[in-house]
Each structure stands twice: as C-alpha cells, then as structure tokens.
Amino acid sequence: MTVETKASPGVLETVKAVVERHGAVKEELIPILNEVNRLLGYLPAEALDEISNLLHVPKSQLFSVATFYSMLTTKPRGRHVVQFCESAPCHVAGGRKVWVTLMDALGIKPGETSADGKWSLVTTSCLGVCGVGPVMLIDDDIYGNVESDQIADILAKYE
Amino acid sequence: MKAVRSMVLVSSDPKSLERGAQQVFQRLQEEIKAFGLENEVSLSMVGDVGRHDAVPMVIVYPEAVIYGPVKPEDVHFLVEEHLYKGRVAAPLQASVRELSGKIAWLQARKGTLPAEQRIVLERAGVIDPTSIEDYIVHDGYAALGKALTEMTPQQVIEALSKAGLRGRGGAGFPTGTKWGFVAKTPGKVKYVVCNADESEPGTFKDRLILEGDPFSIIEAMTLAGYAVGASVGYIYVRGEYGLAQERLHNAIAQAEEMGFLGKNLFGTDFSFEIHVHGGAGAYICGEETALIESIEGKRGEPRSRPPYPTTHGLWGKPTLVNNVETLANVAPIIRNGAEWFRGFGTPSSPGTKVYTILGNTNVTGLIEVPMGVTLREVLAIYGKGMKNGANFKLAQTGGSSGSVIPASLQDTPMDFDAFNRAGVALGSGALLICDEETCVVDLARVLLKFFEVESCGKCTPCRVGNERAYQILTNIAEGVGTLQDLDDLLMLSDNLYQLSNCGLGQTAGTPIRDVLTYFRAEVEAHIRLKVCPAGVCSMSGHKVYQIN
C-alpha cells in the first residue's frame, strides 16, 4: 500500500479513471471513494476536490461521507494497516490477550501509525469470519485462530 | 454441462486452507489424473461447507460421503478406494454423531451429512457458485419460470403469506405482508433492495449464502420485482465481503447472458435489472433506511419513520428491503408450495433458521435447523458439547443487539414468538456460547463498546447513552463501580430503548438489561466485594492496602 503525497500528479489521474469507470453519478459516490481510497491508501484533500468537481457534490457533503465510513480515511496511513477485530466473538475466543501482545509488538496504540511509517493499527468491528476468531487483518490478508505467540512470526512476513 | 460420474468437493474456508486444503486439492488433481478419471470426476473447491470439526473435508457426491480431516498423503488411498474401486474409504470418513430421542425426526442420512434441514443452504457447498448451468441443474430458475408463466404477482405474494415466512434479519416481520405493502403502493418506479450489509458480530450466514449460492438471491430478487412491480434491484453488500461481491457480479453477468435478467423475461413484458452496491464499512447501514441513504451516496444515517421504505424508500420511491436469508427462502416456497414450507419449524415461525455457533463449544460453524430447536439441542448435537467439558453459562444471540440467554432458558424453543414470550430476542442468528470463564461485566462492556463505536451519532440518546454506559461498565470492571451505577445503567438502557431513532439504539441496551436480570449477583460482586468471580476483569482501579 503506497502513500501518495499531496503534490503527486498520480492523484488526479487516479480519480479521473475511477470516476470514468463508475460513471459520474451520485449513487456511485461511495464505490468511487472506496476505490480511490484503496488505490491511494487514503483520500487526499486533492482527490476529494476533484471528485467534488466531477460529481457536482458539495465538498462539505463529500467530507462528511468520507469521514463516516470505517473503510475510508482522510489521513495517510502506514505501509501496512493492521486491523484487529474487537467484537464479542473474537473477544470471548481469547482476543483480549492477543490484542495486548499485538500492541506491544507494534509499539503503537489503536489509531496510531508507527514513527517509521511501516505500521498503522486500527480496531475494527466484526469482519464476519467469527468461526476462526480471534481474527486480524493485515492489508488484505486475514489471519484466524491467532494466538499470542504467533504474532511475531506473522508481523515478520511484512517488509 | 459435462456429465460426470462423481463430484468431489474440497472445503476451502480459512480453517481448511490453514490446514492444507490447497495441497489436498492439488494431490486430488494429480491422483485423479493418475487413475485416468479426469473425464469422469469433477473436482472443485467450494468454500465453507458449514462444518469445521474435521477440516479440510472432502465430500464425494452422489454418495454424499464426507471425509475429513484429509491429509495430502491420504489422497491416494481415497481416490483409489472411492473413485476407482467405488467403495467408501471408511478409515477416512468424518465422524458423525448418531441421533436419538427428541430430535430424531430431523431428516438425516445416517453416516453422511450432519442432521440438518437445508432450505436456504440447500445448494451452498454442493454446486459450483460460479456456474449458472450448475444452478439450473439444481432446480435453479424453476421458481421464476413458474411464477412468470403460471402465477399472477398477487398469487406470488399470497404464497409467501400462506407459507408464513418471516424476515430473517432479526425483527421477524411477515414477508408476504411487506411485499403486499409495496405492491399496493401506487407508482411506476419501485425498487427491490437486498440487505447484505451483514455486520452483526458473530453472524456470517449471509456471506455463506452469497458466496455459496449467489444465483438464488438473484432469482429471488427477480421474483420480488415481479410480485411488487419493480424493475430495478440493488444488492447492498458490506464492503468487507470482497468474494461475495465478486460472485454476485459474476452471477448477474451470467444471468443476463442467459436471459434471466434483462428485458421481457420468459417472453412476458416483465423486465428486471440488478446492481451490486458495495458498502464502505458501517454497521448502521444494515438498518434499512440508513442503507437506502448510503446507496444514495450519503452518510448512513437512519431516516425518521414513518414514512416507511415501503412507500418512501430509495430516491423517495416505494422500496422493498429484504435480508439475504429471507430472500433465499423465496424460490423454494414458490417451487414447492406453502404447505411444504409449513412442514418445517413451528406453527408461528415456519421454516428453518441458519445459525452461526461460536465461542466455547467443541465445534463452531454454520448450521441450518428447523425453527423451534432448543439451545440445548444445538449445543449438544451441533456444538458437540462445551469445550474442555466446561459448564454452559450463557449464550448471546443475534450479534450485539441480541439477548444474553442464561442456561435456565436453554430449553425454550428458538422461534420468534417463544423467545418473545421469554423476554429475549432471536436476533440475526449468531449464537455466541460462553462457559463459566466468561465474565458478564466484561462481555457487556465489549458489546457496549461496539455500539459506542458504531452509533452513527445522529440522535442523542444513542450517541451519548452508549458512551456513558460503556464508561460505567468500565468503572465496574476496574473495581471502582458503585451500586448507584446499576440504577444508572438500567435507566440508560430504558432511555435507549424508548428514545432512540432507530433499531440500533433501541436494542443497544438489551445486553445491560439481560445481564442485570439474570446475572445481577455477579455484577454486584464487582462492586461490593471488588472481585471478578470469573477472574477476567482487571479491577485495576481498586487498591488493596496491606498492613505490614
């Protein structure tokens, strides 16, 4: 997951391509934001400006939508985003201990990004893979039945 | 479709993959080829087959023999015995618990599939979910054909009403009545929306239906469009369900190609199209008016009701919103008739219910059983008992807005009305089973944390009430709670129920109320004795002074 800076020329092209693929209609707003977020790693202000122009949606409304949904973020994140499920089924299956280990291993708290820009840690509500809790998601990789002593090995897989 | 003698399916849920399902699949490919059977045997990976006790599993049809757990080195023997010589490779068979007593009426083929009654999941794990041909071979589109050529829209709705189908999203509203409302509302433009924003913690039944049998939802939505007079449908799938979205896109494309979606279906003047709309991560969008707002490209904040979506829904037009599991029941009812459907379940709640069993049982996973089965039966038969022989303490149903059900209610039949009478809710079908090492304060705290995070913030009782309740429960868990806190919690729970705008806020206080009804002594121990009986809570705020 790469993070573009605000001045990056790639942002506008990405936005245009995504809007073209979905069509510049309001009902496609959330799918558009979703895809831009996935491609750029977050939603830079510049991207929101461009979407606002193309879809004729006020910036205020766009910002209110972009900050409402948990899969969208307006702030840059680390190279790898670790999402840990904090819902009851994972909690009951031993998630509490794993969570403490995970925070220790990364050295950051939920919502933070590590100083070297490698990791961001966020908590998430149920991911719908409760049969194998506790569950965590690193970028697009799902890890189930996670135990505390596996955390170091799992994290070591990521550059 | 190529005719094959045997069909071999390999489970590929996350647990199976972790235990080598991919290697088993590869070895099967090699061995089937080595025995020269590649034209007689079809082989596919089928995702989650709803059973996780012996994964990876290999299921061989038409005999429906389940093997598991299968290791790559077992594959040679399996192929030689079953596929080449044609006899069951008994040493590799997955164990099956035999049935007795009260639940023996459940139809089960001894030694084969676990005793379940499958209507909703009849094809999941059996067909190739990416092939419309396979769907059609398994009775697919028979219901739509029958409805469009032999039935009027009114008759379709009557069939659902007669069958007594009730919404499976949690509220249990009669489906036929809802369809009737939309059909009666005048208007040229109407919409059918499938609510696949499944986000209740512990619930993943809809994901498995969408991944395992996506065409059944497409067919049911088309039927709904015919019945209520709509020509456009939307499936709102939660953003995290990537595979489900992919399968739906594929299913829609194939249905369009085969003429099951599009203009003038079955030579009638009825036309229907379906769009898939992915969410972006918000629990509240499972609430039907929030979902509609989200499709319109706005924040997913619930609207005030009335007016209801049946008259003022998507873009202000009459809209039918149904849950995935509800829709999955529609085609079987049309195909087999209302009487057939009433043969399952209880008189007030006919049919089956899909549950996800989670937590401290020996087996976790997905089951479909008739309405009215009790919690005790589910635990003993499908959960195969409590892990490590522990005692059953409580079950939390229906995700976070469900109830906390104490062991004393485990013989209450699980249907909408019996649960209502007992003062608890069936919810969306999650059964989080907890043993005595679970602390009720800790559990309630986690549940309230969920609502605090997922409240959309539009109305005050929910935005502030959940946060306040979470703080109070945290205080109790840290050993600094007071008895006054318990009264405050009950008041908050009551306020949430009476004053919140939508179902999220209204049900958010349920865990608090249930915990204080059934487990008050345990909560009071945290306050009066500064002790967590289950040894879970930190009690870190309570200082113990020692006298030297």
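The values are calculated or read from the model by the stated rules, or taken from the named source; none is laboratory data. As the structure is a computational prediction, the values presented were derived from the model and not from experiment. Please note: Cβ atoms are built from the backbone with ideal geometry, for glycine as well, and neighbour counts cover all protein chains shown.
Results, tabulated for the structure shown:
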{"quantity": "Single unsatisfied condition, B:S12 versus (1) over 17 Å from B:D128 (Cβ atoms); (2) within 14 Å of another protein chain (Cβ to nearest Cβ)", "calculated": "(1)"}
{"quantity": "Tabulated pairs, segment B:274-300, first in contact (Cβ under 8 Å) with a residue 12 or more places away in the chain and at the interface with another protein chain (Cβ under 7 Å from one of its Cβ atoms), second part of a helix (DSSP H, G or I) and among the basic types (K, R), C-beta under 7 angstrom, 6+ apart or interchain", "calculated": "B:E296/A:K26"}
{"quantity": "Conditions (1) touching a strand residue (DSSP E or B) at 6+ places or on another chain (Cβ under 7 Å); (2) touching a residue at least 40 places away in the same chain (Cβ under 8 Å); number of the one not met by B:R27", "calculated": "(1)"}
{"quantity": "Per-region count, segment A:83-134, residues within 30 Å of B:I367 (Cβ to Cβ) and β-branched (V, I, T)", "calculated": "6"}
{"quantity": "Selection count, segment A:42-61, where residues are surrounded by fewer than 21 Cβ atoms within 10 Å (Cβ to Cβ) and in contact with a Ser or Thr (Cβ under 6 Å, 6 or more places away or on another chain)", "calculated": "2"}
{"quantity": "Selected residue (criterion: farthest from the other protein chains (Cβ to nearest Cβ)) from residues of segment B:312-342 that are in a loop (DSSP other than H, G, I, E, B) and within 21 Å of B:A220 (Cα to Cα)", "calculated": "B:G337"}
{"quantity": "Any hit, segment B:406-413, residues being hydroxyl-bearing (S, T, Y) and in the same structural domain as B:L366 (by TED's automatic domain parsing)", "calculated": "yes"}
{"quantity": "Test: residue in segment B:412-422 that is within 14 Å of another protein chain (Cβ to nearest Cβ) and either under 21 Å from the mean Cα position of the chain (by Cα) or not in a loop (DSSP other than H, G, I, E, B) (or both)", "calculated": "no"}
{"quantity": "Residue in segment B:147-154 that is buried (at least 24 other Cβ atoms within 10 Å of the Cβ), farther than 30 Å from A:T123 by Cα and either within 14 Å of another protein chain (Cβ to nearest Cβ) or among the small types (G, A, S) (or both) present", "calculated": "yes"}
{"quantity": "Conditions (1) within 21 Å of B:R445 (Cα to Cα); (2) in contact with a Leu (Cβ under 8 Å, 6 or more places away or on another chain); (3) surrounded by fewer than 24 Cβ atoms within 10 Å (Cβ to Cβ); number of the one not met by B:A425", "calculated": "(2)"}
{"quantity": "Residue check for B:G479: exposed (fewer than 15 other Cβ atoms within 10 Å of the Cβ), small (G, A, S) and in contact with a Gly (Cβ under 7 Å, 6 or more places away or on another chain)", "calculated": "no"}
{"quantity": "Yes/no for B:V354 being part of a strand (DSSP E or B) and under 19 Å from the mean Cα position of the chain (by Cα)", "calculated": "yes"}
{"quantity": "Failed criterion for A:L48 (all others in (1) in a helix (DSSP H, G or I); (2) within 12 Å of chain B (Cβ to nearest Cβ) hold)", "calculated": "(2)"}
{"quantity": "Cβ pairs under 7 Å, 6+ apart, first in segment B:71-91 and assigned by TED's automatic domain parsing to the domain that holds B:M57, second of a type in the set (S, T, N, Q)", "calculated": "B:P72/B:Q23; B:L83/B:S6"}
{"quantity": "Single condition B:P309 does not satisfy, out of (1) within 22 Å of B:V228 (Cα to Cα); (2) part of a helix (DSSP H, G or I); (3) not polar (S, T, N, Q)", "calculated": "(2)"}
{"quantity": "All positions within segment B:399-438 that are free of Cβ contacts under 8 Å to residues at least 40 places away in the same chain and within 19 Å of B:G385 (Cβ to Cβ)", "calculated": "B:A407, B:L409, B:Q410, B:D411"}
{"quantity": "Residue list for segment A:25-36, filter: more than 8 Å from chain B (Cβ to nearest Cβ) and buried (at least 16 other Cβ atoms within 10 Å of the Cβ)", "calculated": "A:I32, A:E35, A:V36"}
{"quantity": "Considering residues of segment B:177-235 that are of a type in the set (S, T, N, Q) and within 14 Å of chain A (Cβ to nearest Cβ) only, the residue nearest to the chain's Cα centre (by Cα)", "calculated": "B:T203"}
{"quantity": "Residue check for B:I59: outside the structural domain of B:N362 (by TED's automatic domain parsing), at pLDDT 80 or above and in a helix (DSSP H, G or I)", "calculated": "no"}
{"quantity": "Unique residue being more than 14 Å from chain A (Cβ to nearest Cβ) and under 25 Å from B:P174 (Cα atoms) when the list is B:T397, B:T374, B:T356", "calculated": "B:T374"}
{"quantity": "Single match in B:K71, B:K85 (criterion: more than 14 Å from every other protein chain (Cβ to nearest Cβ), surrounded by fewer than 20 Cβ atoms within 10 Å (Cβ to Cβ) and at pLDDT 90 or above)", "calculated": "B:K71"}
{"quantity": "Output for segment A:58-77, where each listed residue is outside any loop (DSSP other than H, G, I, E, B) and facing another protein chain (nearest Cβ under 7 Å)", "calculated": "A:S64, A:V65"}
{"quantity": "Test: B:K190 is under 20 Å from B:A290 (Cα atoms) and charged (D, E, K, R)", "calculated": "yes"}
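Conditions tested, residue by residue: (1) under 15 Å from B:P129 (Cβ atoms); (2) surrounded by fewer than 21 Cβ atoms within 10 Å (Cβ to Cβ).
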site	(1), (2)
B:V193	no, no
B:D197	no, no
B:P201	no, no
B:I209	yes, no
B:Y236	no, no
B:E240	no, no
B:E246	yes, yes
B:L261	no, no
